[in-house]
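Values quoted throughout were computed directly from the atomic coordinates according to the rules given, and no laboratory measurement underlies them. Just so you know, these numbers come straight off a predicted model, no measurement behind them. Here the Cβ positions follow ideal geometry from the backbone for every residue, glycine too, while neighbour counts run over all protein chains shown.
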Amino acid sequence: MTSINVSTPWGIRLAAAGAVVAAALILAGCAGGAPADPGAVSSTPTGSATTSPPSTPTPTPTAVYKPADASGPAQNVPVPVLPEVAKTETKEGLEAFAKYWFEQLNYAYQTGDMTGFQAMTSPNCEYCSKISTSLTTNYSGERWLAGGEITLPVATTSFERAADGNYQVILQVQQTPISYYQAGGSEFRAASGASNTGNVLLATFEDSAWRVNGLHPLR
């Protein structure tokens, strides 16, 4: 298992809005009272009313995800959703949160948007700060990344809280090769190779939410 190369960005690495149109047919008529005005009587025989079938709403096309390549950055990247279990201070909740944190990191690699990733990460996490700095650099100007998909074959914890309040999650982090593009589709640096590393993530549960305080390679 190799260590993470920090020189790369990884560093350690809707329904169709169906508009249902309901057609309402209002039938007006007279009941009882004075006789109808003869001048208002129609000479056309009364027949069965013919109604048109309701129109079928046209589905709104769902935005299709397009991975990044030399032609441009990724498009319509799905935004990760925090699982309900990841909101609990439990073993299952911590493991689910760790996976979600890496989904947010994956999203940052594909879009350059680190809002979600940074919102649940302590600024004291040095390794995390290096990742953020690297991504900021590689998405500056008209640059973007292609590849770099992260998967977690292993994310497990003994759920034992240390004296400093941190829980540990042991991770196997795999990442696909990364290409670095700039305007026009040329590469501004050599592509990074795939990686497969062991890491330990440190997290605390504060104000009813998990927060990452550290990420370190296993040696």
For region 174-179, Karplus couplings with θ = phi - 60° (6.51, -1.76, 1.60), whole Hz, Gly/Pro x: 10, 9, 6, x, 10, 10
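Once R0 is set to 45 Å, what does the formula 1/(1 + (r/R0)^6) return for the Cβ-Cβ distance between Ser208 and Gln182, expressed as a FRET efficiency to the nearest 0.05?
0.60
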Spacing of the two label points (7 Å from each Cα toward its C-beta) at Arg219 and Arg161, in nm: 2.9
Restricting region 104-163 to trypsin sites (Lys or Arg not before Pro) in coil, as DSSP defines it, with at most 16 other Cβ within 10 Å: Arg143, Arg161
Alpha-carbon spread of region 65-130, three principal axes, descending order, Å: 44, 26, 14
Binned Cα-Cα distance frequencies in region 84-217 - 5 Å width, integer %: 2, 10, 19, 23, 19, 12, 7, 5, 2, 1, 0
For region 111-119, 3J(HN,Hα) per residue [Karplus equation, 6.51 cos²θ - 1.76 cosθ + 1.60, θ = phi - 60°, Hz, x = Gly/Pro]: 10, x, 8, 9, 4, x, 4, 6, 5
Stretchable slack from Met120 to Thr137, in nm (0.36 nm times residue separation minus alpha-carbon distance): 4.0 nm
Dipole axis of region 84-217 (+1 Lys, Arg; -1 Asp, Glu on Cβ), positive-most option in Ser140, Ala119, Ser192: Ser192
GluC sites (Glu not before Pro) within region 156-219: DSSP coil, no more than 10 neighbouring Cβ in 10 Å: Glu160
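Could you state the orientation-averaged shadow area of the convex hull built on the Cα atoms of region 155-215, in nm² to one decimal? If you can, show how the numbers build up before the last one.
Numbers: hull surface 25.8 nm².
Approximately 6.5 nm², given one-decimal rounding.
So if I place +1 on the C-beta of Lys and Arg and -1 on the C-beta of Asp and Glu, and nothing else carries charge, what would the dipole magnitude of region 84-217 be about its Cα centre? I want it in debye, nearest 20. If you can, show how the numbers build up before the last one.
On the way: 8 positive and 14 negative charges, 58 e Å.
Computed charge dipole of region 84-217: roughly 280 debye.
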